[in-house]
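Engineer: Okay, handing you the structure first.
The values are calculated or read from the model by the stated rules, or taken from the named source; none is laboratory data. Predicted model only: the values in this text are computed from it and were never measured. Neighbour counts run over all protein chains shown; Cβ positions are idealised from the backbone, glycine included.
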Amino acid sequence: MNLHFSEEIVGETVVFRLEGKIVSDIDTTTLIEQLQERIDGVEKTIIFNLNKLTHITSTGLNFFVRALTRTRNKEKKLVLNNLQPSVARLFQISKLNEIFTISSDDKIDETINSK
């Protein structure tokens, strides 16, 4: 498995910290299950801190689109935070940066309070 993640709940916000690579669906299986639990729960905002996510493929982009769709269907917010330049470039090339809320704040607390 190329991807590791941890989560932290702060009030009605959950922060997923991703580390490594997303290159296949196997990498996101556990994460998508945990994400769905949080979307179904009381948390209103989902933040993905991506400062240690070093590489994604189209599978990774697909994961984030599915995550965004699921959160919007439940009227919740999703924020991508601290994208690595290579990951941010993929979002720009695919124009997905136009549909996601992307924050470059180094401080998660500021991101949580601003959304």
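Engineer: Just the residues that are surrounded by fewer than 20 Cβ atoms within 10 Å (Cβ to Cβ) and not aliphatic (A, V, I, L, M), please, taken from region 77-90.
Structural biologist: Across region 77-90, the qualifying residues are LYS77, GLN84, PRO85, SER86, ARG89.
Engineer: Quick check on region 24-37. Is at least one of its residues of a type in the set (Asp, Glu) and touching a helix residue (DSSP H, G or I) at 6+ places or on another chain (Cβ under 7 Å)?
Structural biologist: Residues of region 24-37 that are of a type in the set (Asp, Glu), as a first pass: 25, 27, 33, 37.
This time we only want the ones that are touching a helix residue (DSSP H, G or I) at 6+ places or on another chain (Cβ under 7 Å), so: 25.
Yes, some residue in region 24-37 is of a type in the set (Asp, Glu) and touching a helix residue (DSSP H, G or I) at 6+ places or on another chain (Cβ under 7 Å).
Engineer: Do we find a residue being in a loop (DSSP other than H, G, I, E, B) and of a type in the set (Ser, Thr, Tyr) anywhere in region 13-23? I'd like the intermediate steps shown before the answer.
Structural biologist: Here is the first cut: in region 13-23, the residues in a loop (DSSP other than H, G, I, E, B) are 23.
Going one step further and asking which of them are of a type in the set (Ser, Thr, Tyr), we end up with none.
The answer is no, given that none of the residues of region 13-23 is in a loop (DSSP other than H, G, I, E, B) and of a type in the set (Ser, Thr, Tyr).
Engineer: Among the residues of region 13-31 satisfying the criterion of being acidic (Asp, Glu) and either closer than 15 Å to VAL87 by Cβ or under 13 Å from the mean Cα position of the chain (by Cα) (or both), which is surrounded by the fewest Cβ atoms within 10 Å (Cβ to Cβ)? Spell out how you get there, then give the answer.
Structural biologist: Kept after step one, since they are acidic (Asp, Glu), are these residues of region 13-31: 19, 25, 27.
Right, trim to either closer than 15 Å to VAL87 by Cβ or under 13 Å from the mean Cα position of the chain (by Cα) (or both) and you get 19, 27.
Values: GLU19: 15, ASP27: 22.
Selected residue: GLU19.
Engineer: Does THR69 meet the test of being hydroxyl-bearing (Ser, Thr, Tyr) and not in a strand (DSSP E or B)? Talk me through it step by step, then tell me what you get.
Structural biologist: Values: hydroxyl-bearing (Ser, Thr, Tyr): yes; not in a strand (DSSP E or B): yes.
Taking the combined requirement at face value, the residue satisfies it.
Engineer: Please indicate, with yes or no, whether at least one residue in region 40-63 is in contact (Cβ under 8 Å) with a residue 40 or more places away in the chain, farther than 20 Å from SER104 by Cβ and in contact with a helix residue (DSSP H, G or I) (Cβ under 7 Å, 6 or more places away or on another chain).
Structural biologist: yes
Engineer: Those residues that are under 18 Å from THR54 (Cα atoms) and out of contact with any Asp or Glu (no Cβ under 9 Å at 6 or more places or on another chain), I need them from region 8-25; list them, please.
Structural biologist: LEU18, GLU19, ILE22, VAL23, SER24, ASP25
Engineer: Which members of region 87-115 meet the condition of being in contact with a Ser or Thr (Cβ under 7 Å, 6 or more places away or on another chain), at pLDDT 60 or above and either of a type in the set (Asp, Glu) or assigned to a helix (DSSP H, G or I) (or both)? Steps first, answer last, please.
Structural biologist: Within region 87-115, the first condition is being in contact with a Ser or Thr (Cβ under 7 Å, 6 or more places away or on another chain), and the residues that meet it are 103, 105, 111-112, 115.
Subsequent filtering for residues that are at pLDDT 60 or above retains 103, 105.
The one that is in contact with a Ser or Thr (Cβ under 7 Å, 6 or more places away or on another chain), at pLDDT 60 or above and either of a type in the set (Asp, Glu) or assigned to a helix (DSSP H, G or I) (or both): ASP105.
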